[in-house]
Amino acid sequence: MNRLFASTFFRMLKKIVFWILLICMFAYGVYSASNVASEASAGFAIDGCVFEFAPFMGLVAAVFISLFVGSEYSDGTIRNKLVVGHSRMQIYLANLIVCSIACVLISLAYAAGIIMVGSSKGGELLTETSIVSMCLICSVLVSIAFASIMTMLAMLNTNKAGNVVVSMILALVLLVSSSYIYQRLGEPEMYDNYVSVNEVGVPTQVEQLPNPLYIDGTSRTVLEVVNDLFPSGQAMQLADAFDSEGITNKGIENDPYQWIGYSLLVILLTSGMGIALFRKKEIR
Amino acid sequence: MDYVLKAEALTKIYGHHKALDNFSMHIPKGAIYGLVGKNGAGKTTLLRLICGLQEATSGDYTLYGVSSRKHEILNARKEMGAVIETPAIYLDMSATGNLKEQYRILGIRSFDTIPELLKMVGLGNTGRKKAKNFSLGMRQRLGIAIALVGNPRFLVLDEPINGLDPQGIIEMRQLLLNLNQQYGMTILVSSHILDELSRLATHYGFIDNGKMIKEISASDLENSFRKSVRIEVTDGKALAAVLEQTGQPYKILAPNVIEVYNRVNISHLTADLEKYQCDVLSIQEREENLENYYVNLIGGISHE
């Protein structure tokens, strides 16, 4: 297993796509922090942009893993590992661990960009370090959950080009659906209906009406679970959890372990299913 | 006799197609075993099973006496190298880079032997050139170099001379003979090029429709080669009629060319043909070769 891990890790370091994504994420971090810095006159909070990268990790994982693992099939090199007696589980796990490390490093490159600009221009974190650390752990697990899903797809699909397309589509579907769910869950239960306003346009009589877009009951419970369970859902919430005044999403602050549990569940389920199917896979 | 690989009643079914049907095989230690069969006969399927790329539907094989059904087969495979169908190489890496990968996969820490290995397969001067820019023959050589990493005791090669130029074919033959004779490596080679195989193999297995038709050692095969006489006449039908009357075994090669697998009394034959006003144009004595043997064994028009 160590031998396979070493071989796969060295190969990852030689992949141009890994370095391109790493540099792009770093540049995005620099850009996000610079934007916040330019809007503030002196001493600014970087909280609002710390986790902006999270929703993009699905796409990043899709691109990197489909190309990295896909080349094992397109070049046929997976055969070299099987022929010399490595078990399929070892091959799968070596790929999963290295892809997870790659995704975490790419996400940390974004954080490095934020820290570089933040420290040079006097930016600071308003939120407690313990909460930010917990969110950082959640974001790392989100990256690993994305890596786990994309590794499963790449290990089970021998067609590299086809898998790039399938992975990208899945990442986009997850992103769009989670964005929609998050938006619908954010709808207020009641909205203000202005009955009358005075001559300067200030409302004098306001009544509260139920919002038809508000989802309640079982549907709300299900969507909340889905939103917390899917890495894309967690990523959307993380990206939106902070503003210039600190944390706004009390859900993360109150129960971060639930998110960690959901991410671990996704990682275990997809990896377990991936390994079981890969063991039965016929390789040409 | 010690066998490196033994297959018994091996069956592999893809959908409704039986690629291997109750297949049996015995590869003695130290042999160069030539696996001969036409396209779709089941050669590559067999190699895929042996290398652990696919699982048999039923039946079993043993590698160094370890059953394929046991977990220990993974350890037995550590003594094995293979090139199946296309060479398995990272196209975005150099020859040295590819070998380093395989060294890491096998847990070999020192890369000192890489130049020697590259030289052995004729890729000593490729430098930093990436494998995607290699010719088919160079890729084939690199694939074999990767299979040789870790000095395996059993080498499996699927069409190893595909894409090689004449000089490359000679070098590859020398390399395989050298590995077999100097290092005692057992080699399983599947090939369509029977003439080349006949210069290498110490044992043969003939496969057709997923079944092992015959296994034979090269010395036994040579002893079984029949002498024949190839006769060209002006009227092939007349010659066939004469041979039928005298009960000689023969095979029609062309309308007026017939091969007779027996001693021929030329005086009697010409006298008999005279009755049909048929002239003898040429007579050649021949000895059967691997190609004839294969054609006779697997199929062809014969009147024996």
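FYI, it's all coordinate maths here, none of it is from the lab. Here the structure is a predicted model, which is why all the values come from computation and not from measurement. Virtual Cβ from ideal backbone geometry, glycine too; neighbours counted across all protein chains shown.
Annotations for the structure displayed:
- Label-point separation in nm, B:LEU253 to A:LEU172, each point 7 Å along Cα→Cβ: 6.5
- Span from the the stretch A:30-72 Cα centroid across to the the stretch B:227-304 one, whole angstrom: 82
- Links that overshoot a 22 Å alpha carbon limit, given the list B:LYS29/B:LYS78; A:LYS280/B:LYS18; B:LYS78/B:LYS214; A:LYS15/A:LYS280; B:LYS6/B:LYS78: B:LYS78/B:LYS214; A:LYS15/A:LYS280
- Backbone geometry of the stretch B:59-68 corresponds, through the Karplus equation with coefficients 6.51, -1.76 and 1.60 at θ = phi - 60°, to 3J(HN,Hα) couplings of x, 8, 9, 10, 10, 6, x, 9, 5, 5 Hz, x marking Gly and Pro.
- The calculated P(r) of the stretch B:220-291, using every Cα pair and 5 Å bins from 0, goes 3, 17, 30, 26, 12, 7, 4, 1, 0 in percent.
- Computed over the Cα atoms of the stretch A:183-222, pair by distinct pair, the Kirkwood hydrodynamic radius stands at 11.8 angstrom.
- Between A:THR218 and A:ILE20, residue separation times 0.36 nm minus the direct Cα-Cα distance comes to 66.9 nm.
- 10 °C / 1.306 mPa s Stokes-Einstein diffusion coefficient of the stretch A:65-192, Kirkwood radius on C-alpha pairs, µm²/s: 90
- Descending semi-axes in Å of the stretch A:133-284, equivalent ellipsoid built from Cα gyration tensor: 41, 17, 14
- Normalised convex hull volume, chain A, alpha-carbon set, Å³ per residue: 163
- Just checking the listed ones, A:LEU269, A:LEU229, A:LEU238: in the Gaussian network model of chain A with Cα springs under 10 Å, the one fluctuating most is A:LEU269.
- Extended-chain gain in nm, criterion 0.36 nm per residue less alpha-carbon gap, B:THR113 and B:ASP195: 26.2 nm
- For chain A, modelled as a GNM whose springs connect Cα atoms under 10 angstrom apart, the maximal fluctuation among A:GLU39, A:GLU199, A:GLU128 occurs at A:GLU199.
- Measure of compaction for the stretch A:151-207 (Cα Rg per 2.2 N^0.38 Å): 2.31
- For q = 0.14, 0.22 Å⁻¹, Debye-computed log10 I/I(0) when each Cα of the stretch A:30-134 counts as one equal scatterer: -0.67, -1.12
- Inter-probe distance in nm under a simple model that places probes 7 Å from Cα toward Cβ, at A:SER120 and B:SER282: 8.6
- Max mean-square fluctuation residue, GNM over chain B, Cα-Cα springs under 10 Å, options B:ALA19, B:ALA240, B:ALA76: B:ALA240
- Rh by Kirkwood over Cα pairs, then Stokes-Einstein D for the protein assembly as shown at 1.567 mPa s and 4 °C, µm²/s: 45
- Near B:PHE134, no amide H atom lies under 5 Å from its own; only residues 5 or more places off or on other chains count, and H is placed 1.01 Å from N.
- For B:VAL4, the amide hydrogen comes within under 5 Å of the amide hydrogens of B:ILE27, B:LYS29, counting only partners 5 or more places away or on other chains and with H modelled in the peptide plane.
- Across the stretch B:3-219, counting alpha-carbon atoms alone, Rg and Dmax equal 17.0, 50 Å.
- Distance between the stretch A:145-159 and the stretch B:86-163 - C-alpha centres, whole angstrom: 28
- Calculated FRET value between A:SER130 and A:PHE9, using beta carbons and R₀ = 30 Å, to 0.05: 0.40
- Distant alpha-carbon pairs in the stretch B:164-283 (separation over 25 angstrom), percent: 49
- Note on B:GLU72 and B:LYS129: with the Förster distance fixed at 30 Å, the Cβ-Cβ geometry gives a FRET efficiency of about 0.15.
- Partner aspartates and glutamates for B:LYS38 [C-alpha distance under 18 Å; skip if fewer than 8 residues away on the same chain]: B:ASP21, B:GLU85, B:ASP158, B:GLU159, B:ASP195, B:GLU196, B:ASP208, B:GLU215, B:GLU291
- Size of the stretch B:3-50: Rg and Dmax of its alpha carbons, in Å, are 11.3, 37.
- Across the options A:SER120, A:TYR110, A:ILE78, the greatest Cα extent toward the positive end of the charge dipole of the stretch A:9-130 (unit charges at beta carbon of Lys, Arg, Asp, Glu) belongs to A:ILE78.
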